[in-house]
Amino acid sequence: MKVLPEVGLDIAPGEALRFGMSRDAVREVLGEPEQVSDGDEDGALTEAWYYWTRGLALSFDEEVDWRLCAIELTAATAELDGQRPIGTTFEQTRAAMPGVAIEWDGDEMQPASVDAWSLNLWIEDDKVTSLQWSVGFDANDEERWP
């Protein structure tokens with residue numbers, strides 16, 4: 001699976017997710033989610049779809065007409081900038097992607113981040129455990145849909 005920062009995810013030939021897709025369009029690509037949970041973040045309704053067997057979680061927000069706006073991936077096959085960071089240490093990940101500005105203060109309660117890509121790397125026991133990224137935003141804090 002190829003992570004496309006601020007764009008979406010290429011899963012396999014003919015299987016791709018793009019930020020801005022409707023729930024119905026995502027369902028056409030992946031089928032029914034294994035689990036769905038609803039949330040309320042600062043008064044904004046959200047819906048998370050989980051495809052546990054794929055190591056994939058998708059977020060849809062009411063304020064953007066329930067379009068796909070964030071992806072989290074835990075699959076070891078996740079490819080980012082030509083590398084597979086899941087399961088590697090933060091330093092291994094940073095060394096493998098020298099042209100990418102990855103910021104992290106060493107606190108495992110906070111993710112490492114690549115602000116230019118709207119992407120977070122979650123780390124537990126010094127290993128990258130998941131990648132989480134979203135649609136990008138412009139200078140006016142408006143979504144840049146692909």
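Bear in mind that the values in this text are calculations on the coordinates, not laboratory data. Predicted model, so just to flag it, every value in this text is computed and none were measured. For neighbour counting, all protein chains shown are included, and Cβ atoms are generated from backbone atoms with ideal geometry for every residue, glycine included.
Annotations for the structure displayed:
- Taking amide H positions as modeled 1.01 Å from N, with prolines and chain starts lacking one, the residues under 5 Å from T88 and 5 or more places away or on another chain are V128.
- Amide H contacts of R67 (H built 1.01 Å from N, in plane; Pro and chain starts excluded): D61 sit under 5 Å, all sequence-distant by 5 or more or on other chains.
- Computed label-point distance, nm, for sites E41 and E142 using a 7 Å Cα→Cβ extension: 2.1 nm
- Projecting the Cα positions of L131, L9, W117 onto the charge dipole of the chain (unit charges on Cβ atoms of Lys, Arg, Asp and Glu, taken about the Cα centre) puts L9 furthest along the positive direction.
- R0 of 41 Å, Cβ-Cβ distance W66-S113: FRET efficiency to nearest 0.05: 0.95
- As a ratio to 2.2 N^0.38 Å, the alpha-carbon radius of gyration computed for the stretch 2-133 takes the value 1.05.
- Scalar couplings 3J(HN,Hα) for the stretch 95-109, obtained by applying the Karplus form with A = 6.51, B = -1.76, C = 1.60 to θ = phi - 60°, are 5, 6, 10, x, x, 10, 7, 9, 10, 7, 9, x, 8, 5, 7 Hz; x denotes Gly and Pro.
- Karplus-based coupling profile of the stretch 17-31, in residue order and whole Hz: 10, 10, 4, x, 5, 6, 4, 4, 5, 5, 4, 5, 7, 10, x, with θ = phi - 60° in 6.51 cos²θ - 1.76 cosθ + 1.60 and x standing for Gly or Pro.
- Spin-label model distance (nm) - T53 vs D81, 7 Å beyond Cα toward Cβ: 3.4 nm
- Assigned charges on the beta-carbon of Lys, Arg, Asp, Glu; the chain dipole about Cα centre (debye): 820 debye
- Test item: Cα-centred dipole of the stretch 76-146, Lys/Arg +1 and Asp/Glu -1 on Cβ, debye: 340 debye
- Once C-alpha pairs closer than 8 Å and six or more residues apart are averaged by separation and normalised to the residue number of the chain, the relative contact order reads 22 percent.
- Total formal charge among the other residues, if their Cβ is under 14 angstrom from that of T88, Lys/Arg +1 and Asp/Glu -1: -3
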